[in-house]
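The values are calculated or read from the model by the stated rules, or taken from the named source; none is laboratory data. All figures in this text were calculated on a predicted structure; none of them were measured in a lab. No Cβ is skipped: glycine too gets one built from the backbone with ideal geometry, and neighbour counts run over all protein chains shown.
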Amino acid sequence: MGETVITGAVSSNSPVNRTEFATTAWDRQEILRNCRTIAMVGLSSNPYRPSHFAAIYLKAEGYRIIPVNPRETEILGERCYPSLRDIPEPVEVVDIFRDPAAVPGIVDEAIEVGAKVIWMQLGVIHEDAARVARKAGMQVVMDACIKIEHARFFGGLHAVGLNTGVISSRRLRR
């Protein structure tokens, strides 16, 4: 109890699955189906960063992406905000691409702005902050990539992360 864990685990092997914060595939799918506005905290303008690629993908899938990064002014054609408090519209999901040590402050801001979901990316686990978020009535997902989960549920999973329109477990040979 009261621990912060840093790990590189992926969803099925995640230590989160052995805690009170385990989520089901149904939980994650419902979040992605019902929440369309995502503030991405730690979104990078560097196209080689995972956050950038996830934002491109989710934006292409029709989500409203709001970049949050105090070192940027604009990312992917969207105004970038220094904090969640500065965003002038409602936020449903707060997707965290930051070190676990930054999570408690981000959760406090998310509660303040009335977000519904805290989503911590792969390798980001903070149980104390998750407890605070849950106590405030928020849903919490930890150690899972929102882009990978969307692609898995809605048919866009492919080696390069693009939607091929083909649902199959076998690669097409040409």
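Of the listed requirements (1) closer than 19 Å to L122 by Cα; (2) surrounded by fewer than 16 Cβ atoms within 10 Å (Cβ to Cβ); (3) at pLDDT 95 or above, T24 misses just one: (3). When region 110-133 is filtered for residues that are without any contact (Cβ under 8 Å) to a residue 40 or more places away in the chain, closer than 23 Å to E149 by Cβ and of a type in the set (D, E, K, R), only R131 remains. Within region 115-172, being over 15 Å from the mean Cα position of the chain (by Cα), of a type in the set (K, R) and modelled with pLDDT under 95 holds for R170, R171. Each residue in region 54-76 was checked for being in a loop (DSSP other than H, G, I, E, B), free of Cβ contacts under 8 Å to residues at least 60 places away in the same chain and under 23 Å from I148 (Cα atoms), and 4 of them qualify.
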